Amino acid sequence: MSELEAGPQRPARPMPGPPGGAPAGGVRSFIWLIVLLFAVWLILTSSFHWQELIVGAALSLIMAIALNRVYQQLGMPPLTPWRLLNMIAFATILAIEIIKANLDVAWRVIHPKLPIRPGIVVIRTELQQDIAKLILANSITLTPGTFTLDIIGDELLIHWIDVRAEDIETATKLIGGRFEKYLRRIFK
Amino acid sequence: MSETVVLVFTGFIGLGILLCLLRLFMGPTASDRAVAADTACTVTTALLVLMGFVFQRYVYLDVSLVYAVLTFIGAVAIARFLERGI
Amino acid sequence: MLLEVLGTVVTGIGVLFLFLGGLGVFRMPDVYNRLQAGTKCTTLGACLTIIGVGIMEPAWFWKTLAIALFILLTNPISNHALGRASRKSGVPLCDQSVVDRTDSFMEKSGEKEQ
């Protein structure tokens, strides 16, 4: 099953709903989308005048109707306390890793001899939704020494500034293991 | 922020942009130049916000937001062009 | 007063990282390493600088947070696109590189796509 679904998705993008038979959201995700758009409007205008509020509400309704199909296709799972907990844990780990990554790169840049040992390796992921893979790829890009170059199916091509393992299994554990646990829990 | 601090901060940012521009002129391949331009644009976004604070102009935040959007679109467009031509 | 000192410190750290990003882009030997330095340092540097300004000027905080979030989300994506483009257009790795698994990856993907 995972082989079939994680197949090539690049050439054409008809993208059926979320895999795994999850219900396609419906009214609840529509309301979430409106709330999200309205929050963005409030932040951008940063004013609570009633005229602004009315225009913002109308605009977020129109945008939500226009964007509803795209949003449903993302396959965002419904929010539960367990998922929220995992999201907070994920964000904390990501923040720590970003700071570590920056200190690491800063040290390498300042060092007069440029201590790098670059290479390109392949890792594998078990995530299936496109949005989950996007978040994983972005997180890998922001963490110490690794940079996502390409994704095809369930494999990611990674540029590693300090190669420590060349085979797929070890590299997967070293690079993706930190995040994948939480992402799998969030997107199950 | 005192004037000295502002000068030091903008000096560091300007030096960073200058190094990016040097790479933009030297870069052996087109990809190098694209990367240097993208980095310089991101640094400029931050510089715009800082300048908005120094001059006490709220509008600079909107300028910076639009600049960030344009940087993103420009980088993706250049990447597509490098990949297979327009 | 306290907020101003805190904001200045945060902005200062961000500015330092922005400078280091520029230095990394200048010093690194090939495109991929330049992307590493460019992406990481400028993302955190720009976010810290912008949020630092938001701390110094509390009325602007939410807007600066929105700009910082936008940069945090889009900067990795655009750099990822640039990296993929340079690999597809055949930019070679630098001499210090130890391993290159691109060929096996491309072979496999070719099989899968048929």
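The values are calculated or read from the model by the stated rules, or taken from the named source; none is laboratory data. Here the structure is a predicted model, which means the values were calculated and not measured. Here Cβ is always computed from backbone atoms with ideal geometry, including for glycine, and neighbour counts include all displayed protein chains. For the accessible areas, the whole protein counts, side chains as well, though only heavy atoms, and no ligand, DNA or RNA atoms are used. Shrake-Rupley method; radii C 1.70, N 1.55, O 1.52, S 1.80 Å.
Annotations
- Reducing region A:110-188 and region A:40-108 to their Cα centroids gives an inter-centroid distance of 23 Å.
- In the full protein context, region C:2-96 carries 32 Å² of accessible surface per residue, based on a 1.4 Å probe and ignoring ligands, DNA and RNA.
- Accessible surface of region A:68-188, 1.4 Å probe, proportion on carbon and sulfur as whole %: 65 percent
- Distance from the alpha carbon centroid of region B:19-70 to that of region C:1-62 works out to 12 angstrom.
- Calculated log₁₀ intensity ratio I(q)/I(0) where the Debye formula runs over C-alpha points of region A:81-186, q = 0.11 Å⁻¹: -0.35
- Whether chain B is rounded, prolate or oblate, judged on the alpha carbon gyration tensor where a/c under 1.5 counts as rounded: oblate
- Per residue value of the accessible surface for chain A (all protein chains in place, 1.4 Å probe), Å²: 55 Å²
- For a label point 7 Å along the Cα-to-beta-carbon line of residue A:74, residues of region A:147-188 with backbone N under 15 Å: A:187
- Chains C and B together, accessible area buried on both sides, 1.4 angstrom probe, square angstrom: 3900 Å²
- Principal semi-axes in Å for the protein assembly as shown [√(5λ), Cα gyration tensor, largest first]: 32, 30, 18
- Shown for the protein assembly as shown: lysine pairs separated by 8 or more places, or found on different chains, whose C-alpha atoms are under 14 Å apart, numbering 4.
- Other protein chain Cβ atoms within 10 Å, averaged over every residue that makes up C:8-19: 6
- Seen through its C-alpha gyration tensor, with square-root eigenvalues sorted a ≥ b ≥ c, region C:2-96 comes out oblate because a/c lies at 1.5 or above while a/b is not bigger than b/c.
- Square roots of five times the Cα gyration tensor eigenvalues for chain A, Å: 35, 23, 15
- Adding -39500 (n - 2.57) for every DSSP H run of four residues or longer, then dividing by how many residues chain A holds, sets the calculated 222 nm ellipticity at -19000 deg cm²/dmol.
- Placing dummy labels 7 Å off each Cα toward the beta-carbon, the span from residue A:58 to residue A:188 is 4.6 nm.
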